[in-house]
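Here is the structure we will look at, set down as structure tokens.
The values are calculated or read from the model by the stated rules, or taken from the named source; none is laboratory data. The structure presented is a predicted model; accordingly, all values stated were derived computationally and were not measured. No Cβ is skipped: glycine too gets one built from the backbone with ideal geometry, and neighbour counts run over all protein chains shown.
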Amino acid sequence: MRSLLRFLVRNYAFLLFLFLEAVSLVLVFSYNSFQRSRFLNSANAASAGLYNATSSVFQYFELSRVNQQLASENAHLRTLLSRGNQELNVPETAEFLSEELADSSFIYKEARIINNSINKQQNYITIDKGLRDGIKPDQGILAPEGVVGVVTSVSKSYAAGLSLLNPRWSISAKHKKTGYYGSLHWNGENYRQAELQEIPIHVNLIQGDTIVTSGYSSIFPEGLLIGTISEFDKPQGENYYNITVQLAVDFKSIRYVHVIENVKKQELKAVEDEVKNGTGSN
């Protein structure tokens, strides 16, 4: 204890300087948006570089599983292409791919996941593509199995975003058989399940029914697979079901994704803004 006190007395000027320097930096980054943004971008770039190096090691040991996953996806795509103009009757697990390919308003860029959390209350995902690859905020993230999340932050070489396992983000989803739609969000518990709300109790539901994207946003096209109904009930005195959805994506194993860009997003936004602002034609 005496040694500690002697050390503090001997170096109090230097320690006081460090303390005041830290306080000043906190104030600068807290009350100046430019400095704060530069600091966050630098911190994101440094952490993303570390994640990228770590991910490369794990990637090497997962080559076998990844190759099998790619082969399965290629088989689905070859099936769709071989049918040409014939009427498509593909299984539900692959049908979302045909709808995805048919919508020319959306283009897809491949990316590799370099960081992904599933055990936190608010989970995030980081990919190895950024601004120079055409990645922008509010673009969707899609795995071969289904919807993953949305991009929220982008640097030159990397991008990060919210996964479905984040209560801060919800997605417009619909019951595929009937077309009734609601809001799907994660309840912070099981990483393989989410909750679908606002489906009226008069809708006929069956365990195992498919839940897909509604298309009522500029992020995802309609019909992308989200999951299947694992259980549901009708609360006493309520007008909507309690629905638990088994997510199609296993967030513990995903490694490669596609980032979705809506090339008509700005046009859509301009039209909707005219209506909201009352400047459209009469």
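Is it the case that residue 206 is over 14 Å from the mean Cα position of the chain (by Cα), surrounded by fewer than 19 Cβ atoms within 10 Å (Cβ to Cβ), under 15 Å from residue 260 (Cα atoms) and β-branched (Val, Ile, Thr)? Even if it seems obvious, please write down each step before you answer.
Details: over 14 Å from the mean Cα position of the chain (by Cα): yes; surrounded by fewer than 19 Cβ atoms within 10 Å (Cβ to Cβ): yes; under 15 Å from residue 260 (Cα atoms): no; β-branched (Val, Ile, Thr): yes.
When the stated conditions are applied, residue 206 does not pass them.
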Original post:
So, of the residues in the range 215-232 that are modelled with pLDDT of 95 or more and farther than 14 Å from residue 149 by Cα, which turns out to be surrounded by the fewest Cβ atoms within 10 Å (Cβ to Cβ)?
Top reply: 231
Original post:
Among the numbered criteria (1) part of a strand (DSSP E or B); (2) crowded, with 18+ Cβ neighbours inside 10 Å, which single criterion is violated by residue 135?
Top reply: (1)
Original post:
Do we find that residue 136 is under 11 Å from residue 258 (Cα atoms) and over 11 Å from the mean Cα position of the chain (by Cα) in this structure?
Top reply: no
Subject >> Extreme residue, surrounded by the fewest Cβ atoms within 10 Å (Cβ to Cβ), among residues of the range 190-203 that are assigned to a strand (DSSP E or B) and not charged (D, E, K, R) >> reply: 200
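What are the residues in the range 215-269 that are part of a loop (DSSP other than H, G, I, E, B), over 20 Å from residue 119 (Cα atoms) and hydroxyl-bearing (Ser, Thr, Tyr), if any? Full working, then the answer.
First pass over the range 215-269, keeping only residues part of a loop (DSSP other than H, G, I, E, B): 215-224, 234-239, 241, 248-255, 263-264.
Next cut, over 20 Å from residue 119 (Cα atoms) only: 215-224, 234-239, 241, 263-264.
Residues satisfying the conditions are 216, 217, 218, 241.
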**OP:** For residues that are free of Cβ contacts under 8 Å to residues at least 24 places away in the same chain and part of a loop (DSSP other than H, G, I, E, B), scanning just the range 138-175, find the one that is nearest to residue 230 (Cα to Cα).
**Re:** 170
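Hey, can you tell me all the residues within the range 99-132 that are among the hydrophobic types (A, V, I, L, M, F, W, C), modelled with pLDDT under 90 and either within 24 Å of residue 157 (Cβ to Cβ) or part of a strand (DSSP E or B) (or both)?
Of all residues in the range 99-132, those among the hydrophobic types (A, V, I, L, M, F, W, C) come to 101-102, 106-107, 111, 113-114, 118, 125, 127, 131.
Those left that are additionally modelled with pLDDT under 90: 101-102, 106-107.
106, 107 - these are the residues of the range 99-132 that are among the hydrophobic types (A, V, I, L, M, F, W, C), modelled with pLDDT under 90 and either within 24 Å of residue 157 (Cβ to Cβ) or part of a strand (DSSP E or B) (or both).
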